[in-house]
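Peer 1: For reference, the structure I am asking about is given below.
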Amino acid sequence: MSRAIAMKMAAVAGLGMMMAALTPAMRAQAGSARLAEVLAQMNTASKSFVDARADFRWDYYERVVKDTSTQQGAIYFERKGGGMTMGAVVEDPQSKAKAKVIDYEGGVLQMFDPGVDQITVLHAGANQAQYESFLTLGFGGSGSDLERAWKIADLGPETIDGVKTEKLDLTAKDAQASSMFTHITIWVDPARAVSLKQVFYAPSGDVRTAYYSNIRLNMKIDKGTFAIKKDSHTTVVNR
């Protein structure tokens, strides 16, 4: 082999190595640009978000017993003042028990179980911002809100039920939130600032998967459907 040919082959090999080294960086740059575009879309959509109503299914996988339980129902989110309110009617499809009702407003979470006629009340207190970061994770939150509370990895586009979504993997910046979930994956429709699917991974190995469908935006919410109907016999437990 002549010296000239050997030098040319070395140059080609060197160019190949350089391109191999640059490719991950180029991909990362492209991914970063795409994520910035998705977050910008969410910022725009969030500005016009007033409320949303959806049907849901929540699947809970418990690693210890290797079993999955399911709940389903209807849920709403509404922007009120500088915060978010939420209400849900939760049914167990395997049971004939009456539907439970969840209500969140102003840092107070109420869970009504009509089966035992009891309301359990949780006060967010200093953790209100954390509570609402989970609420706005799915509906009405801006890209800036998302970026403020979470480290975000863009896993690329994916279509769910005919809707183009972006699959984002989130790691909480807050230590307390990260102790609850190691990470969360969401499939967000950035054009509407809503998510169609969310998967929460707990340190224990438990997994909660949420599916949202029939999403309706900025319509007057019939809150009577989500009202807690207590009576004189209803007990209230504060925690």
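Every read-out reported here was derived from the displayed coordinates using simple, explicitly stated rules and does not represent laboratory data. Worth saying up front: this structure is predicted, and the values here are computed from it rather than measured. Quick reminder, even Gly has a Cβ in these numbers, built from the backbone with ideal geometry, and neighbours come from all protein chains shown.
Peer 1: Below 8 Å, C-alpha to C-alpha, sequence gap of six or more: please give me the relative contact order for the chain in percent.
Peer 2: Relative contact order, the chain: 23 percent.
Peer 1: Something else: Could you compute the net charge surrounding K220? Neighbours are other residues with a C-beta less than 15 Å from the C-beta of K220; K and R count +1, D and E count -1. Working shown, then result.
Peer 2: Working: positive: R53, R79, K80, R216, K223; negative: D51, E78, D222.
Spelling it out: positives minus negatives among the neighbours equals +2.
Peer 1: Here's something else I'd like to know. Quick one: grab the alpha carbon gyration tensor of the stretch 117-239, order the square roots of its eigenvalues as a ≥ b ≥ c, and give me rounded if a/c is under 1.5, else prolate or oblate depending on whether a/b is larger than b/c.
Peer 2: Working: a/c = 2.06, a/b = 1.36, b/c = 1.52.
Oblate is the answer for the stretch 117-239, as a/c is 1.5 or above yet b/c matches or exceeds a/b.
Peer 1: A further question follows. Using each residue's phi in the stretch 215-222, evaluate 6.51 cos²θ - 1.76 cosθ + 1.60 at θ = phi - 60° and report the 3J(HN,Hα) Karplus result to the nearest Hz, with x for Gly and Pro.
Peer 2: For the stretch 215-222, the Karplus-derived couplings read 7, 10, 9, 6, 10, 5, 7, 7 Hz, x marking Gly and Pro.
Peer 1: Could you line up K151, K230, K220, K197 from fewest to most neighbouring Cβ atoms inside 10 Å?
Peer 2: K220, K151, K230, K197
Peer 1: Calculated from DSSP H runs of 4 or more alone, at -39500 (n - 2.57) each and per residue, what is the 222 nm mean residue ellipticity of the chain, nearest 500?
Peer 2: About -9000 deg cm²/dmol.
Peer 1: Here are a few candidate values for mean projected area of the Cα convex hull in nm²: [x] 13.1; [y] 18.8; [z] 12.3. Which one was actually calculated from the structure I just gave you?
Peer 2: Recomputing mean projected area of the Cα convex hull in nm² here picks out [y].
Peer 1: Determine, for H233, H183, the number of other Cβ atoms within 10 Å of each Cβ, and report the residues in order from fewest to most.
Peer 2: Fewest-to-most ranking of H233, H183: H233, H183.
Peer 1: Out of the chymotrypsin sites (Phe, Trp or Tyr not before Pro) in the stretch 41-126, which ones are loop residues according to DSSP with at most 10 other C-beta atoms within 10 Å?
Peer 2: Sparse-neighbourhood loop chymotrypsin sites (Phe, Trp or Tyr not before Pro): none present.
Peer 1: Arrange E147, E166 by Cβ neighbour counts within 10 Å, fewest through most, would you? Please list the in-between numbers first.
Peer 2: Numbers: E147 16, E166 22.
Listed from fewest to most nearby Cβ atoms, that is E147, E166.
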